[in-house]
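Scroll down for the structure; my scribbles are underneath it.
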Amino acid sequence: MKSKDFKMLDLEDIQLIDIREQWEWNEYHIPSAKLIPKDELMSRLNELDIDKPVYLICHTWMRTGFMSKVLRLAWYEVIDVEWGYREYYDNIVK
């Protein structure tokens with residue numbers, strides 16, 4: 001999903017999962033996002049609603065590209081926020 005399309009979503013109605021590390025989250029994050037670092041995601045699947053799409057975001061899309069494939073194998077509908085926070089902040093927040 002491109003950041004321009006992401007901008008149109010009601011962020012309160014989706015599962016937006018930030019898979020960056022805690023220190024990255026502390027610098028900035030989308031208020032409605034839930035932090036589940038990449039290395040913890042599989043052990044915390046019980047925190048996700050399998051009946052709702054999962055939007056994954058990281059800094060540059062590297063981590064979400066891999067983790068989205070893993071979640072799809074576990075039968076989740078996953079949407080990658082392409083180019084992550086870098087593009088989000090450059091094109092939406094600024």
Name the pairs whose Cβ atoms lie under 8 Å apart, with the first residue in the stretch 19-44 and at pLDDT 95 or above and assigned to a loop (DSSP other than H, G, I, E, B), the second of a type in the set (Lys, Arg) and exposed (fewer than 15 other Cβ atoms within 10 Å of the Cβ), and 6 or more positions between them or separate chains? Ile36/Arg44
Quick one: count up the residues across the stretch 45-66 that are out of contact with any helix residue (DSSP H, G or I) (no Cβ under 6 Å at 6 or more places or on another chain), closer than 21 Å to Tyr28 by Cβ, touching a residue at least 24 places away in the same chain (Cβ under 8 Å) and not β-branched (Val, Ile, Thr). 1
Could you check, for the stretch 76-91, whether at least one of its residues is more than 13 Å from Asp18 (Cα to Cα), at pLDDT 90 or above and part of a loop (DSSP other than H, G, I, E, B)? yes
Please count how many residues of the stretch 45-69 are modelled with pLDDT of 90 or more, β-branched (Val, Ile, Thr) and surrounded by fewer than 19 Cβ atoms within 10 Å (Cβ to Cβ). 1
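The values are calculated or read from the model by the stated rules, or taken from the named source; none is laboratory data. Bear in mind that the values here come from a model prediction, so they are computed numbers and not experimental data. Because the Cβ atoms are built from the backbone with ideal geometry, glycine has one as well, and the counts that use them run over all protein chains shown.
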